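Some notes on the structure that comes next.
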Amino acid sequence: MQNNENGTFRSPRNTLIYKNAQGSIKCTYKIQADTRLFKRISLTARNINLKSNVKKCKRCWDNPSLDRLEILDPLVLSSNLSDSCYSACSKEKVFTSFSKGPELTLRLFVNAELSRQNYYKTKAPVFRAQYR
């Protein structure tokens, strides 16, 4: 991300990436604060439009068949991250996460098998996010 105090970003605008995906689609958004000015990051994701063809979501984290957003904080990797994964099965459609340090990563995973059916030529983004 740019060196701004706050900003917004969203899932890829060009839906052609979902048309003929050969493998799972992975987009990584890394936010890093200038440690001289900021110690933590607030990340809010809205308009989450993830689709699911899975009837029951037993686990979200690292589930290859589930489209999802994962939040990674390098200072929290040793703990249970199940609260930092969001999919179509999640009840929350807006979430805010706070980092423990000056870095935070948001990852979007889309299963290639159904990416064309679920996201190609859709006008709404898969998600929108704001960081501060």
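The values are calculated or read from the model by the stated rules, or taken from the named source; none is laboratory data. Keep in mind that what you see is a predicted model, and the values were worked out from it rather than measured. Here the Cβ positions follow ideal geometry from the backbone for every residue, glycine too, while neighbour counts run over all protein chains shown. Note: areas computed on protein heavy atoms with side chains; ligands, DNA, RNA excluded. Shrake-Rupley method; radii C 1.70, N 1.55, O 1.52, S 1.80 Å.
Laid out as a table, the results:
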{"read-out": "Residue-normalised accessible area of the chain, expressed per residue, 1.4 Å probe, Å²", "value": "63"}
{"read-out": "Length added when fully stretched, Trp61-Lys39, from 0.36 nm per residue minus Cα-Cα", "value": "5.3 nm"}
{"read-out": "Filter on Lys56/Lys100; Lys30/Lys56; Lys26/Lys56 - keep pairs with C-alpha separation over 24 Å", "value": "Lys56/Lys100; Lys30/Lys56"}
{"read-out": "Kirkwood Rh (inverse of mean 1/r, distinct Cα pairs), the stretch 1-42, angstrom", "value": "13.0"}
{"read-out": "Contour excess over end-to-end distance, with Cα ends at Arg46 and Arg107 and 0.36 nm allotted per residue", "value": "20.5 nm"}
{"read-out": "Ordering of 84-93, 11-20 by burial proxy (mean other Cβ atoms within 10 Å per residue, highest first)", "value": "84-93, 11-20"}
{"read-out": "Using a Förster distance of 41 Å, the FRET efficiency for Lys100-Lys123 (Cβ separation, nearest 0.05)", "value": "0.70"}
{"read-out": "Scattering profile of the chain at q = 0.13, 0.19 Å⁻¹ [log10 I(q)/I(0), Debye over alpha-carbon scatterers]", "value": "-0.54, -1.09"}
{"read-out": "Distance (nanometres) between label positions extended 7 Å along Cα→Cβ at Gln22 and Arg132", "value": "4.3"}
{"read-out": "The chain, relative contact order [Cα under 8 Å, separation at least 6], %", "value": "47"}
{"read-out": "Heavy-atom accessible surface of the chain: percent carbon and sulfur, 1.4 Å", "value": "46"}
